[in-house]
Structure formats: structure tokens, C-alpha cells
Amino acid sequence: MSRISTRVCLGILAGCWLAAYAAAEAPRVLPAGQLPHDRRLGPLITLNGYFPFTPPASKKEWQQRAAQLRRQVMVAAGVWPMPVKTPSHPVIHGKVDRPEYTVEKVYFESYPGFYVTGNLYRPKGRTGKLPAVLSPHGHWSNGRFYDAGLKEVRKQIVQGAERFEVGGRYPMQARCVQLARMGCVVFHYDMVGYADSQQLPHGERSGKIASQPGKWGFFSPQAEARLQTIFGLQGYDSICALDFLSGLPDVDPQRIAVTGASGGGTQTFLLCAMDPRPAVAFPAVMVSTAMQGGCTCENGSCLRIGTGNVELAGLFAPKPLGMTAADDWTKQIATKGLPQLKQLYSLFAAPELVMAKPLLQFPHNYNYVSRAVMYAWLNKHLKLGLPEPIVEEDFRPLSVAEMSVWDKQHPAPPSGPAFEQALLQRITAGTRRQIDSLTPTDAVSLQTYRRIVGGAVQVMVGRRLPDSAELKVADAQAEDLGSYRMTRFLLRYPTRGEELPVIRLDPKTWNHRVVIWVDRLGKQGMFDPSGSLRTGVQTLLTNGFAVLSADLFEQGEFTKDGKPVAKQRMGKKARKAPLPYAGIVFGYNLPLFSQRVDDLLSLVAYARSDKSAAAGTTAAAPIQVDMVGLHGAGHWVAAARAIAGGAIDRAALDTAGFRYANLTSIDDPDFLPGGAKYGDVPGMIALSAPHPLWLSGEGSSPPAPVSEAYRAAGSLKNLNVWRGKSEEQEPAAVEWLIKIAR
């Protein structure tokens, strides 16, 4: 059965055919009412999905994959590149003396004016450089100050989960005390919004979020456009906590372990993914192929696109990685997760260096039994040399007053919405200076710019240029229209489950050049409102160019009414919030902008291949592929060119002054997490250097990163800035393509 929905009587002249389409939509590829068979039209991925890990076949393959994943995590956390470290001004005070160890109060600045708070446990009677443990706490009530209560702990003692009332009531303190008794220096620090860290609240915001130019808070579109998240702030706090701990005079920086449970387990393996310094890791009751972390502090845009916690934990390979599981989302770790991690570690001839102990008789926990597994793991791999089994003993707990870092001599710092907004402005200013400093001045700095900014754009777009062998042309229907030939077909990307409705127009005499026409309306953009071919498209055909266009995701045949969507899908809303948290949605699903850019990359890969010759023409594959993005599509082309590089020989684009920083809602179809951070649209355009570029919409002169990138590449002649009237834009862009192709 034909996939074409509309048939017309063809005349001898192409004009007769075009008249038949007057006042009609662009020719369809699929029957009317039928949507493409595209996986992306299905349900959004959520944190409660299934996230299996397939180990690579070789060590080299993993090393390449690991480098990409580390960059992905760091981009998501807002630390790509790592922020310029500022003086932390650490304060250590209020020592509490116990027979075998001491406990001190600590606070220091991660960002200027924002404080990391915690307690420092030190063993007594030890000399030289000591091993150390960084200890994030997770989502237990009050965190570092947690008290399970007498009733609960007695129940746990009966169940065999705890040994002593004190250890059961204060399990956070218990592990720090025991590790100090084992000879380790321990820093137990607060998550944002817990215990002494009260400058910012933790988790979802049910109230109004500040969202104005120059005055925004976390969870706002402005913050998300700059990858400013509680998840990222907490991750940077962990990095700074590691700085603090490793810099202590009594700590051996080569023997540092990290351990936490639940949300503290998430912090453990994500810190170890971003920072190479930890030597041993023990994320308890968190790593699994099931639920990935339910708090906003565990989720950030870009973080788990194409990956999951098992693979992220595997970034620690081949260093010692220990885990526990409980009767929760981790309960299948022995069969789903651990075997794959063993296989990964085997690539390094070290399968014994990864371990997971299922303790399914207990619910979600970091109880005495689980802690005992951790003590043995750290004893072995920190080379503590203690006889085993290591038995946790009773201890005298600290009161909240003895733990709290704030007192009359050390008053709590400012907090509240005004502080939050000021903090984000300081972070924004620092990021701007850092990115501006990357503006290339020569070939070497241009490579650095491409590595940092280009690397971030690749993470945000989510894909490289596909291998054309992965693409399939299906249901091709060719029609001879006199002067031209039209072919309608589906371009499939089977491994991705994607399917694009495509139209290709070929002149009878082809110059072996293809122009990909990109428009807000999809392939409809090749036609004017009357249904005739646009003048620019006609001019290209007359001059021997083939013209290719497609309905990108959520355009044209992807929608029931044929119109591009006004808002992108966001899934289930959070409690009392108008929209879900961006990191919950875009941490698992690419934003619509990125999916459309990915579709453009598929078109480029197709156009450069022999498949493009098969779509209605017997000529050889093209020797040149160009892309035009006008009428509101210039920023898509800028991003596609940033990824594809020279695979797009020439690009003509109009930005119309578009900026990601100006978007006011995360469900805007063009919203891109991180889009404003790396120089916004000009930062992407700069990645086009040294390839020929026709640029409009940026005023009388190109933005600094664009001109400087082309100058650094020695190719200013390839940068063509158009300053004419908007109505003259299309013919000017087309004329440039024709002229430069001659």
C-alpha cells in the first residue's frame, strides 16, 4: 500500500503540479492521520525506569566511553570546566575530646559566601600521614544530626540490624567514630539544606521561584539555562570537601575513601566520577538498574542521558568499589549490576576489586551489619592492617550543640531568597569570566575552546554525527515533475528507533551538491503559503542543487494538526509546582531542541552517503552538503554545525538575535539546559570555524567569540556577515551558496 496520502494529476510542467498544491500543506510521506513510528513519541523516561549496563568489549572502548561519561557528569553538575577555586577560609573550632578520637567543628566556603559545614573526626595517638574518609550522609532526617529514636533502635536491635542503642540511634556518628578508631581522619559534611547548611533549602520548591533577568533562584529557567542546580552545588561542595580533607597536614591524599548511603551513595559515586583523587569508594544501598535517585539533589539535566547508576559507578574502575544492597530498589544488584561491573573490572584484570553484598533481610539502611561490610572493605583497600572481623563498639554520642558549627563566636551566615539570588549572580559572573577567557586567540587556544565549549555542546545535544551505515531509506516514492524530480521517503535510524518524513527535490541536471533546508515549519518551509516552492528553493534547483528537507521531531507529520508543538512534553508535574523539575525530565530525556538537532545530524549523514543518490537519482553521491537555517531555525543549524563540523560544507543561518538566556519557561520548545552558559548562541556559532559561514541576525558585526574563532583559525575570509533587510535575507543567503559553490 502506498505511503503517500495525496495524489495529483501531473502536468508536463512543474508549475502545473505546484498549482495543484496551492493553499495545501507540504506533500506528505505518510497517510493522513498516521504518525511516524518513532520511539520518541512514546512515554518519557523517568527515574523509575530500567537502566541496564552493557559492558564494552575492550579496555580501549571503555576508556573512550568513560571519558565521554565523565564530561557528561561534569557538564550536568555545572563544573565543566571546573570553576576557578576561590579561597575557602576554613575554620576549625570547638574540639570535643574523647579517649580514642577528637571531633571538631568545620566550616569553609565553596563559593564566596556559601559555606560547607561538618565535623572532623581524628584518631588520637597516631603519627604521620593518615588515611582519610569523606562521609556524605544522605536523606536521613536532619542528616548529620540524625536521631532514629529509642523505639526504632530497639526494634532494629531485635531484628539484628544494630548492636548498641547509641549506634542505632546515631548511625551517622557511629560510622565516623568507628572509622576514627580504625585510624582514619573522617570529614562528615552536610548536604545543602541539612543540619548546619541552612543558607538554601533542599529539594522541591512549592513556593514562588524567583525568575527574572538578573534576579533568579534555583529551579528557575534562568538557572537551568546555566546548569545552576542544587545537584550541581552539592557536587561542587563534595569536591571542595575533598580539597579540604586532602589538604590537612595529617592526611595522606593518596589514601582517601568516600562512603555514604542512599543519597549519600549517589554523592559518593558521582564525586568519584568527577574527581580522580578518591582511592576507595563504598556507595551503600544506591547503585542499581532500577530507581536512580528520587531527590532533586540527585538529578540534573544531561546527567543520565543514555546511562544509569551502574555505569556511572563503573567510572571508578579499576579502583576498589564496594556496595551493599537492601530490600529496596537495589535488591537485584547480585544479578543486575554486579555481574556487569565484574565484567568491566575484568577488562583491567581486577574483578575482585568490585563487590556488592546483598543484605535483603533489611529495608533501606546503613545499619550496623552494612557498616561492618564497609569497615572490612576500607580496612583492606586503605591498607589499615587491622585484624578482622572489625567489630563496632559502643561510644558516647555528641549532642547537637557539640556538633553544630554555629555559635555566638561563629554566627550563621546569611540565608533566604535574596542571598540565593546574589549567590547565583556571583556564580554567573564567575562562569562568564571563565568562558570569556576561553575566547581563542590562536590555533592552540582554539583547540582548547573546542574541547571545553564544543565538548559541552556535544553533551547538551546528546549525539555525534551518525554513521550513515546505521541509516535506512524506506518507502521511497519518486515523481517526475518535468523540470524536477520529487522523492518522498522515510529516513530511519533503527538503533535509535527514529523515523523522519523527508522530501528531496532533484534537478534533472545535478551539480552533486545537496542543500538541507531547515525551517520552523519542517518540510512545509520549502513552500510558500500558496503551496508553491519558495523562491530560494526554486533558485537552488535552477542552479543544479538538490534540496532536502524533513519534518524534525514534533513538526509536520509528527503532530496531529501538522503544526509544530507550542510546548515540549514535560511528563508528570511535581507537587504544587506548575512544571516538573527540569533535571527530573531532562536528566533522562533530551530536550526537544536537542532532538531536532539530532535529526539534522541524521540528515547530514544521509546526504553525505551513497544513500542520497538512491533517493530518486542515478547520480553519484554528493561532493558537497550545505545547510540553510532561516525563518527561526538558525540556532538549530548553529548547533548542528557545532557537532558536524566540516561534514556541513557551508552553512547559512539567521539567528534573529535568539538567545537561550531569554527563554522564560522550561517547556519552551527551544529551551536547552546549559544553553546560556557557554557563550549562548554565539558560543555555538564560533565552533563553525574555519568552515564557510553566512551569518545574519547578529547586527553589523559578529559577536566576539565568532570573529575571534575565525581569526584564530586563519579563516576570516570564510565568515560572511550579512547586514541587509530581513525580506532580502533568503535570496542573499541562496546567492552566497551558489556563488561560493562555483
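The values are calculated or read from the model by the stated rules, or taken from the named source; none is laboratory data. On a predicted model such as this, the values are computed, not experimentally measured, just so you know. Quick reminder, even Gly has a Cβ in these numbers, built from the backbone with ideal geometry, and neighbours come from all protein chains shown.
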Practice problem: Within region 301-333, work out how many residues are in contact with a helix residue (DSSP H, G or I) (Cβ under 6 Å, 6 or more places away or on another chain), closer than 30 Å to G675 by Cα and among the aliphatic types (A, V, I, L, M). | Solution: 4
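State whether the residues of region 43-58 include one that is in contact with a strand residue (DSSP E or B) (Cβ under 7 Å, 6 or more places away or on another chain) and either modelled with pLDDT of 95 or more or in the same structural domain as P411 (by TED's automatic domain parsing) (or both).
no
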Exercise. Determine whether region 85-100 contains at least one residue that is in contact with a helix residue (DSSP H, G or I) (Cβ under 6 Å, 6 or more places away or on another chain), outside any strand (DSSP E or B), within 25 Å of N379 (Cβ to Cβ) and not aliphatic (A, V, I, L, M).
Key: yes
Exercise. Could you tell me whether any residue of region 446-453 is part of a strand (DSSP E or B), of a type in the set (A, V, I, L, M, F, W, C) and surrounded by fewer than 21 Cβ atoms within 10 Å (Cβ to Cβ)?
Key: no
Practice problem: Test each condition in (1) within 21 Å of G260 (Cα to Cα); (2) touching a residue at least 60 places away in the same chain (Cβ under 8 Å) for Q222 and report the one that comes out false. | Solution: (1)
Quiz item: Which condition does E728 not pass, out of (1) at pLDDT 95 or above; (2) among the acidic types (D, E); (3) surrounded by fewer than 22 Cβ atoms within 10 Å (Cβ to Cβ), if it passes all the others?
Solution: (1)
Quiz prompt | Failed item in (1) buried (at least 19 other Cβ atoms within 10 Å of the Cβ); (2) over 20 Å from the mean Cα position of the chain (by Cα), with A349 passing the rest | solution = (1)
Quiz prompt | Checking K342 against (1) surrounded by 14 or more Cβ atoms within 10 Å (Cβ to Cβ); (2) out of contact with any helix residue (DSSP H, G or I) (no Cβ under 7 Å at 6 or more places or on another chain), the condition it does not meet | solution = (2)
Practice problem: With a cut-off of at least 2 residues that are more than 27 Å from the chain's Cα centre (by Cα), name the helices (runs of 4 or more DSSP H) lying wholly within region 613-731. | Solution: 704-712
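Rundown of residues vs (1) part of a loop (DSSP other than H, G, I, E, B); (2) at pLDDT 50 or above, yes/no style:
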| position | (1), (2) |
| --- | --- |
| S2 | yes, no |
| S5 | yes, no |
| G15 | no, no |
| A22 | yes, no |
| L30 | yes, yes |
| Q34 | yes, yes |
| H37 | yes, yes |
Practice problem: Could you tell me whether Q159 is of a type outside the set (S, T, Y), surrounded by 22 or more Cβ atoms within 10 Å (Cβ to Cβ) and either in contact with a Leu (Cβ under 9 Å, 6 or more places away or on another chain) or in the same structural domain as C302 (by TED's automatic domain parsing) (or both)? | Solution: no
Exercise. Find all pairs meeting these conditions: Cβ atoms under 6 angstrom apart; at least six residues apart or on different chains; first residue within region 436-457 and farther than 12 Å from A713 by Cβ; second residue crowded, with 16+ Cβ neighbours inside 10 Å and charged (D, E, K, R).
Key: T439/E708; G455/R71
Practice problem: Would you mind telling me which numbered condition in (1) over 32 Å from the mean Cα position of the chain (by Cα); (2) free of Cβ contacts under 8 Å to residues at least 40 places away in the same chain A476 fails? | Solution: (2)
